[in-house]
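Below is one structure, written out as C-alpha coordinates; the observations come after it.
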Amino acid sequence: MWESDGDLLARVDKNKMPRHVAIIMDGNGRWANGLGLLRNAGHLAGVKTLKNILKTAVNLKLEVLTVYAFSTENWKRPHSEVDFLMNLFSEYLEREKLEMHENNVRIKFLGRTEDFSPALQNLIHDSIELMKNNTGVIFNVAADYGGQDEIVRAAQKLAQRVANGELSPENISTQLFENELDTAGQPPVDLLIRTSGDLRVSNFLLWQVAYAEFWFTDTPWPSFTPEEFVSALVDFGKRTRRFGALNT
Ligand code: IPE
Ligand code: IPE
Ligand code: MG
(Lines give C-alpha, C1' and ligand atoms only; values in the text may rest on other atoms or scores of the structure.)
(Ligands and ions follow the chains in the order given, each with its own letter.)
Protein backbone atom coordinates (compact mmCIF):
# COMPACT_ATOMS: atom_id res chain seq x y z
CA MET A 1 0.00 0.00 0.00
CA TRP A 2 1.06 3.58 -0.59
CA GLU A 3 2.10 5.29 2.65
CA SER A 4 0.35 8.53 3.45
CA ASP A 5 1.76 11.90 4.41
CA GLY A 6 -0.48 12.72 7.36
CA ASP A 7 0.73 16.31 7.91
CA LEU A 8 0.05 17.23 4.32
CA LEU A 9 -3.37 15.60 4.20
CA ALA A 10 -4.40 17.27 7.45
CA ARG A 11 -4.39 20.64 5.62
CA VAL A 12 -7.48 19.63 3.66
CA ASP A 13 -10.92 20.10 5.23
CA LYS A 14 -12.73 16.85 4.40
CA ASN A 15 -16.08 18.67 4.28
CA LYS A 16 -14.80 21.01 1.57
CA MET A 17 -13.19 18.45 -0.70
CA PRO A 18 -14.04 18.43 -4.40
CA ARG A 19 -15.54 15.15 -5.58
CA HIS A 20 -13.96 15.31 -9.02
CA VAL A 21 -10.58 16.91 -9.81
CA ALA A 22 -9.36 17.14 -13.40
CA ILE A 23 -5.81 18.07 -14.35
CA ILE A 24 -4.32 19.38 -17.59
CA MET A 25 -0.78 18.08 -17.09
CA ASP A 26 0.96 20.73 -19.20
CA GLY A 27 4.54 21.98 -19.60
CA ASN A 28 6.62 18.81 -19.92
CA GLY A 29 8.38 20.02 -23.06
CA ARG A 30 9.11 23.51 -21.76
CA TRP A 31 10.40 22.10 -18.48
CA ALA A 32 12.84 19.85 -20.35
CA ASN A 33 13.94 22.57 -22.78
CA GLY A 34 14.64 24.88 -19.85
CA LEU A 35 17.12 22.34 -18.55
CA GLY A 36 18.72 21.85 -21.96
CA LEU A 37 17.04 18.44 -22.35
CA LEU A 38 14.90 17.01 -25.13
CA ARG A 39 11.11 17.35 -24.80
CA ASN A 40 10.73 13.61 -24.24
CA ALA A 41 12.78 13.86 -21.04
CA GLY A 42 9.96 16.08 -19.79
CA HIS A 43 7.34 13.43 -20.53
CA LEU A 44 9.42 10.88 -18.65
CA ALA A 45 9.68 13.20 -15.63
CA GLY A 46 5.94 13.91 -15.90
CA VAL A 47 5.12 10.27 -15.27
CA LYS A 48 6.80 10.49 -11.85
CA THR A 49 4.65 13.50 -10.99
CA LEU A 50 1.54 11.62 -12.05
CA LYS A 51 2.41 8.71 -9.80
CA ASN A 52 2.82 11.05 -6.80
CA ILE A 53 -0.42 12.91 -7.47
CA LEU A 54 -2.42 9.70 -7.88
CA LYS A 55 -0.95 8.48 -4.59
CA THR A 56 -2.04 11.70 -2.88
CA ALA A 57 -5.52 11.40 -4.42
CA VAL A 58 -5.78 7.85 -3.04
CA ASN A 59 -4.69 8.96 0.42
CA LEU A 60 -7.16 11.85 0.37
CA LYS A 61 -9.91 9.40 -0.65
CA LEU A 62 -10.79 11.59 -3.63
CA GLU A 63 -13.74 10.20 -5.59
CA VAL A 64 -12.57 10.96 -9.15
CA LEU A 65 -9.22 12.09 -10.57
CA THR A 66 -9.11 12.77 -14.32
CA VAL A 67 -5.85 13.53 -16.12
CA TYR A 68 -5.32 14.77 -19.67
CA ALA A 69 -2.63 12.55 -21.16
CA PHE A 70 -3.06 12.97 -24.93
CA SER A 71 -5.50 15.14 -26.87
CA THR A 72 -7.12 14.47 -30.25
CA GLU A 73 -4.92 17.36 -31.46
CA ASN A 74 -1.67 15.94 -30.07
CA TRP A 75 -1.40 13.64 -33.13
CA LYS A 76 -0.18 16.78 -34.93
CA ARG A 77 3.15 16.56 -33.09
CA PRO A 78 6.25 15.01 -34.69
CA HIS A 79 6.14 11.22 -35.09
CA SER A 80 9.08 10.76 -32.77
CA GLU A 81 7.27 12.51 -29.90
CA VAL A 82 3.97 10.69 -30.53
CA ASP A 83 5.81 7.33 -30.62
CA PHE A 84 7.64 8.16 -27.42
CA LEU A 85 4.37 9.04 -25.68
CA MET A 86 2.68 5.83 -26.87
CA ASN A 87 5.58 3.75 -25.53
CA LEU A 88 5.50 5.69 -22.29
CA PHE A 89 1.76 4.93 -21.82
CA SER A 90 2.43 1.22 -22.36
CA GLU A 91 5.37 1.15 -19.97
CA TYR A 92 3.46 3.11 -17.36
CA LEU A 93 0.42 0.85 -17.48
CA GLU A 94 2.48 -2.33 -17.50
CA ARG A 95 4.59 -1.19 -14.58
CA GLU A 96 1.92 0.49 -12.43
CA LYS A 97 -1.27 -1.50 -12.95
CA LEU A 98 -0.72 -4.00 -10.13
CA GLU A 99 0.24 -1.33 -7.64
CA MET A 100 -2.82 0.72 -8.62
CA HIS A 101 -4.96 -2.36 -8.19
CA GLU A 102 -3.50 -3.02 -4.71
CA ASN A 103 -4.47 0.53 -3.83
CA ASN A 104 -8.09 -0.04 -4.87
CA VAL A 105 -7.82 2.36 -7.84
CA ARG A 106 -10.41 1.95 -10.61
CA ILE A 107 -8.82 3.01 -13.89
CA LYS A 108 -10.95 4.16 -16.81
CA PHE A 109 -10.11 5.72 -20.16
CA LEU A 110 -11.80 8.70 -21.76
CA GLY A 111 -11.46 9.18 -25.49
CA ARG A 112 -11.25 7.12 -28.66
CA THR A 113 -8.23 4.82 -28.12
CA GLU A 114 -9.00 2.79 -31.29
CA ASP A 115 -6.13 4.46 -33.14
CA PHE A 116 -3.65 3.15 -30.57
CA SER A 117 -1.59 0.03 -31.37
CA PRO A 118 -3.36 -3.29 -30.74
CA ALA A 119 -0.87 -3.99 -27.93
CA LEU A 120 -1.67 -0.73 -26.15
CA GLN A 121 -5.40 -1.28 -26.67
CA ASN A 122 -5.07 -4.72 -25.06
CA LEU A 123 -3.17 -3.29 -22.14
CA ILE A 124 -5.85 -0.64 -21.66
CA HIS A 125 -8.55 -3.29 -21.79
CA ASP A 126 -6.69 -5.56 -19.32
CA SER A 127 -6.09 -2.70 -16.88
CA ILE A 128 -9.77 -1.74 -16.92
CA GLU A 129 -10.78 -5.37 -16.38
CA LEU A 130 -8.26 -5.87 -13.57
CA MET A 131 -9.59 -2.90 -11.60
CA LYS A 132 -13.25 -2.85 -12.58
CA ASN A 133 -14.54 -4.09 -9.20
CA ASN A 134 -12.37 -1.77 -7.13
CA THR A 135 -14.13 0.77 -4.97
CA GLY A 136 -11.46 3.46 -4.42
CA VAL A 137 -10.61 6.49 -6.53
CA ILE A 138 -11.85 6.48 -10.13
CA PHE A 139 -8.77 7.35 -12.18
CA ASN A 140 -9.81 8.58 -15.63
CA VAL A 141 -6.99 8.77 -18.14
CA ALA A 142 -8.00 10.98 -21.08
CA ALA A 143 -6.07 9.61 -24.04
CA ASP A 144 -6.83 10.49 -27.66
CA TYR A 145 -9.45 12.59 -25.95
CA GLY A 146 -11.15 15.75 -27.16
CA GLY A 147 -14.18 17.33 -25.52
CA GLN A 148 -15.72 18.17 -28.90
CA ASP A 149 -15.12 14.63 -30.15
CA GLU A 150 -16.74 13.18 -27.01
CA ILE A 151 -19.84 15.36 -27.48
CA VAL A 152 -20.09 14.41 -31.16
CA ARG A 153 -19.78 10.68 -30.32
CA ALA A 154 -22.54 11.06 -27.71
CA ALA A 155 -24.75 12.87 -30.26
CA GLN A 156 -24.13 10.09 -32.79
CA LYS A 157 -25.23 7.43 -30.31
CA LEU A 158 -28.44 9.32 -29.54
CA ALA A 159 -29.09 10.00 -33.24
CA GLN A 160 -28.74 6.28 -33.90
CA ARG A 161 -31.36 5.53 -31.26
CA VAL A 162 -33.69 8.09 -32.85
CA ALA A 163 -33.06 6.54 -36.29
CA ASN A 164 -33.88 3.10 -34.83
CA GLY A 165 -37.19 4.45 -33.55
CA GLU A 166 -36.16 3.85 -29.91
CA LEU A 167 -36.06 7.52 -28.87
CA SER A 168 -37.91 10.72 -29.80
CA PRO A 169 -35.84 13.90 -30.19
CA GLU A 170 -37.96 15.77 -27.60
CA ASN A 171 -36.96 13.20 -24.98
CA ILE A 172 -33.27 14.04 -25.31
CA SER A 173 -32.46 15.71 -22.00
CA THR A 174 -29.24 16.85 -20.34
CA GLN A 175 -29.31 13.67 -18.24
CA LEU A 176 -29.79 11.41 -21.26
CA PHE A 177 -26.97 13.20 -23.06
CA GLU A 178 -24.67 12.82 -20.05
CA ASN A 179 -25.34 9.09 -19.99
CA GLU A 180 -23.66 8.83 -23.41
CA LEU A 181 -20.49 10.70 -22.42
CA ASP A 182 -17.28 8.87 -21.53
CA THR A 183 -17.78 10.01 -17.91
CA ALA A 184 -21.31 8.56 -17.66
CA GLY A 185 -22.37 8.05 -14.05
CA GLN A 186 -19.57 10.19 -12.61
CA PRO A 187 -19.97 13.54 -10.83
CA PRO A 188 -19.14 16.69 -12.85
CA VAL A 189 -15.70 18.29 -12.48
CA ASP A 190 -15.52 20.45 -9.33
CA LEU A 191 -11.93 21.61 -9.73
CA LEU A 192 -9.89 21.95 -12.92
CA ILE A 193 -6.14 22.40 -12.50
CA ARG A 194 -3.80 23.43 -15.33
CA THR A 195 -0.05 23.55 -14.84
CA SER A 196 2.56 25.58 -16.70
CA GLY A 197 0.96 28.97 -17.07
CA ASP A 198 -1.39 28.79 -20.05
CA LEU A 199 -4.94 29.92 -19.31
CA ARG A 200 -7.05 27.75 -21.59
CA VAL A 201 -8.96 24.43 -21.61
CA SER A 202 -7.50 22.99 -24.85
CA ASN A 203 -10.58 20.86 -25.62
CA PHE A 204 -10.65 19.12 -22.22
CA LEU A 205 -13.96 18.00 -20.64
CA LEU A 206 -15.96 20.80 -22.25
CA TRP A 207 -19.30 19.50 -20.99
CA GLN A 208 -18.12 18.41 -17.54
CA VAL A 209 -16.48 21.73 -16.52
CA ALA A 210 -19.77 23.67 -16.81
CA TYR A 211 -19.55 24.78 -13.16
CA ALA A 212 -15.98 23.77 -12.31
CA GLU A 213 -13.66 26.04 -10.33
CA PHE A 214 -10.46 26.75 -12.30
CA TRP A 215 -7.01 26.76 -10.70
CA PHE A 216 -3.89 27.70 -12.67
CA THR A 217 -0.23 27.54 -11.72
CA ASP A 218 2.95 28.52 -13.54
CA THR A 219 4.67 25.37 -12.24
CA PRO A 220 5.39 22.98 -15.13
CA TRP A 221 3.94 19.50 -14.66
CA PRO A 222 7.26 17.73 -13.88
CA SER A 223 7.82 20.15 -10.95
CA PHE A 224 4.25 19.95 -9.63
CA THR A 225 4.19 18.44 -6.12
CA PRO A 226 1.63 16.86 -3.78
CA GLU A 227 2.07 20.02 -1.64
CA GLU A 228 0.93 22.23 -4.51
CA PHE A 229 -1.91 19.82 -5.29
CA VAL A 230 -3.06 20.11 -1.68
CA SER A 231 -2.82 23.93 -1.94
CA ALA A 232 -5.22 23.80 -4.88
CA LEU A 233 -7.65 21.72 -2.82
CA VAL A 234 -7.37 24.13 0.12
CA ASP A 235 -8.05 27.06 -2.26
CA PHE A 236 -11.05 25.21 -3.65
CA GLY A 237 -12.43 24.96 -0.11
CA LYS A 238 -12.45 28.79 0.10
CA ARG A 239 -14.40 29.37 -3.12
CA THR A 240 -18.07 30.35 -3.11
CA ARG A 241 -20.00 28.39 -5.69
CA ARG A 242 -23.39 29.67 -6.72
CA PHE A 243 -24.39 27.50 -9.68
CA GLY A 244 -26.37 30.42 -11.05
CA ALA A 245 -28.39 30.91 -7.86
CA LEU A 246 -27.97 33.57 -5.15
CA ASN A 247 -26.14 33.18 -1.85
CA THR A 248 -28.54 32.66 0.99
C1 IPE B 1 1.94 18.07 -21.67
O2 IPE B 1 3.17 18.71 -21.89
C3 IPE B 1 1.95 16.62 -22.10
C4 IPE B 1 1.28 16.34 -23.37
C5 IPE B 1 0.62 17.19 -24.10
C6 IPE B 1 1.37 14.98 -23.86
P7 IPE B 1 3.52 19.33 -23.30
O8 IPE B 1 4.12 18.24 -24.14
O9 IPE B 1 2.36 20.00 -23.89
O10 IPE B 1 4.66 20.37 -22.92
P11 IPE B 1 4.71 21.88 -23.36
O12 IPE B 1 3.37 22.48 -23.02
O13 IPE B 1 4.98 21.90 -24.84
O14 IPE B 1 5.81 22.47 -22.56
C1 IPE C 1 -3.24 19.87 -23.56
O2 IPE C 1 -1.99 20.43 -23.66
C3 IPE C 1 -3.15 18.38 -23.75
C4 IPE C 1 -2.49 17.64 -22.67
C5 IPE C 1 -2.02 18.14 -21.56
C6 IPE C 1 -2.43 16.22 -22.87
P7 IPE C 1 -1.43 20.98 -25.05
O8 IPE C 1 -0.02 21.36 -24.78
O9 IPE C 1 -1.65 20.00 -26.14
O10 IPE C 1 -2.35 22.24 -25.30
P11 IPE C 1 -2.06 23.56 -26.14
O12 IPE C 1 -1.60 23.14 -27.50
O13 IPE C 1 -0.99 24.32 -25.42
O14 IPE C 1 -3.36 24.30 -26.14
MG1 MG D 1 1.58 21.84 -23.79
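For the reader, a short list of remarks on this structure follows.
- Lys-Lys pairs in the chain that are eight or more residues apart or on separate chains and whose Cα atoms lie under 14 Å of each other come to 9.
- Compactness of the chain, expressed as Rg and Dmax over alpha-carbon positions, Å: 18.5, 60
- Kirkwood estimate for the range 1-90, i.e. one over the average of 1/r between Cα atoms, Å: 15.0
- Cβ-Cβ FRET estimate between Leu9 and Ile151, R0 fixed at 35 Å, reported to 0.05: 0.45
- A 1.4 Å probe run over the chain, with the rest of the protein chains in place, finds 51 Å² accessible per residue.
- Over the chain: helical MRE at 222 nm, DSSP H runs n ≥ 4 each giving -39500 (n - 2.57), nearest 500: -13500 deg cm²/dmol
- Carbon plus sulfur fraction of accessible area for the chain, probe 1.4 Å, in percent: 51
- Residues whose placed amide H lies under 5 Å from that of Asn140, excluding near-sequence neighbours: Leu65, Thr66, Val67, Lys108
The values are calculated or read from the model by the stated rules, or taken from the named source; none is laboratory data. Nothing here was measured: the structure is a model prediction, and the numbers come from that model. Neighbour counts run over all protein chains shown; Cβ positions are idealised from the backbone, glycine included. Note: areas computed on protein heavy atoms with side chains; ligands, DNA, RNA excluded. Shrake-Rupley method; radii C 1.70, N 1.55, O 1.52, S 1.80 Å.
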